[in-house]
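To keep things clear, I will list the structure first and then write my remarks on it.
Just so it is clear, none of the values below were taken in a lab; they were calculated from the coordinates. For clarity, every value in this text was computed on a predicted model and none was experimentally measured. Here Cβ is always computed from backbone atoms with ideal geometry, including for glycine, and neighbour counts include all displayed protein chains.
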Amino acid sequence: MAITQVQVVSVPVSDQDRAREFYVDVLGFALLTDRQFSPDMRWVAVAPRGGHTALTLVTWFPTMLPGSLQGTVLETDDLEGDIEALTEKGVTVSELQEAPWGRFVTLADPDGNGIVLQASVPDAMNADVSEWNGHA
């Protein structure tokens, strides 16, 4: 296999304009594309600035219900600053939690798609998973 990266993840939304506003204006993502391909298909793609994976805000997959995507993890270098900015913009953010791999909060986009905003411990992904369960 020669797979090198995840290029696009589809996020099921009910209103592409509302979702675009959230991901661009609230989370600060870059708008990569917003094009109407057919009467039923508009391609709206966003990505974290400097990121490698885009999110497409989709409405055309009947098996992907708006709000059904959970556990999208976004990495930040300033968790406290981002929590403050999100709160000021009216986003409900969970209590700050700590784990062996880092500190994080959870939040949701306007459709209820679950997002984890985290500041990882350096090299946490290379750690022995048994350490995460207290079995080190």
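Brief remarks on what is shown
- Positive-pole candidate from ALA85, PHE22, GLN118, dipole of the chain, charges at beta carbon: PHE22
- Applying the criteria of a DSSP loop state and at most 10 other Cβ atoms within 10 Å to the GluC sites (Glu not before Pro) of segment 57-108 yields GLU95.
- Helix axis angle, 79-88 relative to the chain longest principal axis, alpha carbon, degrees: 40
- With each label modelled as a point 7 angstrom along the Cα→C-beta vector, the GLN5-ARG103 pair spans 2.9 nm.
- Computed helical MRE - 222 nm, the chain, DSSP H runs ≥ 4 contributing -39500 (n - 2.57), nearest 500: -3500 deg cm²/dmol
- Across the chain, Cα pairs under 8 Å and at least six residues apart give a relative contact order of 22 percent.
- For mean projected area of the Cα convex hull in nm², computed directly from the structure shown, the correct entry in (1) 8.2; (2) 10.3; (3) 7.7 is (2).
- Fraction of antiparallel bridges per DSSP, the chain only, in percent to nearest 5: 70
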